[in-house]
1. Residue by residue through segment 55-92, note down the ones that are polar (S, T, N, Q) and over 30 Å from residue 24 (Cβ atoms).
2. Looking only at segment 62-85, filter to residues that are surrounded by 15 or more Cβ atoms within 10 Å (Cβ to Cβ) and hydrophobic (A, V, I, L, M, F, W, C); which one of those is nearest to residue 51 (Cα to Cα)?
3. Could you tell me whether segment 69-87 includes any residue that is among the aliphatic types (A, V, I, L, M) and not in a helix (DSSP H, G or I)?
4. Pairs please, first residue from segment 17-46 and in a helix (DSSP H, G or I), second anywhere and among the aliphatic types (A, V, I, L, M), Cβ atoms under 6 Å, 6+ apart in sequence or on different chains.
5. Exactly one of (1) among the hydroxyl-bearing types (Ser, Thr, Tyr); (2) under 26 Å from residue 127 (Cβ atoms); (3) exposed (fewer than 12 other Cβ atoms within 10 Å of the Cβ) is unmet by residue 53. Its number?
6. Evaluate the following for residue 123: is it surrounded by fewer than 11 Cβ atoms within 10 Å (Cβ to Cβ), touching a residue at least 24 places away in the same chain (Cβ under 8 Å) and either outside any helix (DSSP H, G or I) or not charged (D, E, K, R) (or both)?
Amino acid sequence: MFSDKSKLTRLNQIVWPEISRMAMEQAEQLFKSGHQVVILDAAVLLEAGWDDTCHEVWVCLVPRDTAIQRIVERDNKTAEEAEKRIDSQMSNHDRVQVANSVFCTIWDPEITQKQVESAWTRLKQELKL
């Protein structure tokens, strides 16, 4: 799928609108039930154009070689398949351009946790929560 851009585009045209509808429906229910913040964890948030429904965009980045290695290990894919997946996605540079917070996840999970907690503290202050 990732090696054929037309097939990937067609699949996204079919799947993304329904995922968006379901996510927005759930977010609305959460807001109505009293939640002040709803987090949408979506790897394709920017590619799908869903960021226009978000107060903020947080982006996690890793170097290309690390991303390829993680896909190979996690998804049991070849390096070539992993590269095709990475190449079908938005670049790290483009993600950073629209992000409110940027995290790097190459270090121990505790460091990433501290990055997230710092951004969460900032956001709560801005929203006066």
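Just so you know, all these numbers are worked out from the coordinates, no wet-lab data involved. Here the structure is a predicted model, which means the values were calculated and not measured. FYI the Cβ positions are ideal-geometry reconstructions off the backbone, even for glycines, and counts take in every protein chain you see.
1. Listed by number, the residues that qualify are 66, 69, 76, 78.
2. 62
3. Among the residues of segment 69-87, not one is among the aliphatic types (A, V, I, L, M) and not in a helix (DSSP H, G or I), which makes the answer no.
4. 23/40; 27/38; 30/38; 46/90
5. (3)
6. It is false that residue 123 is surrounded by fewer than 11 Cβ atoms within 10 Å (Cβ to Cβ), touching a residue at least 24 places away in the same chain (Cβ under 8 Å) and either outside any helix (DSSP H, G or I) or not charged (D, E, K, R) (or both).
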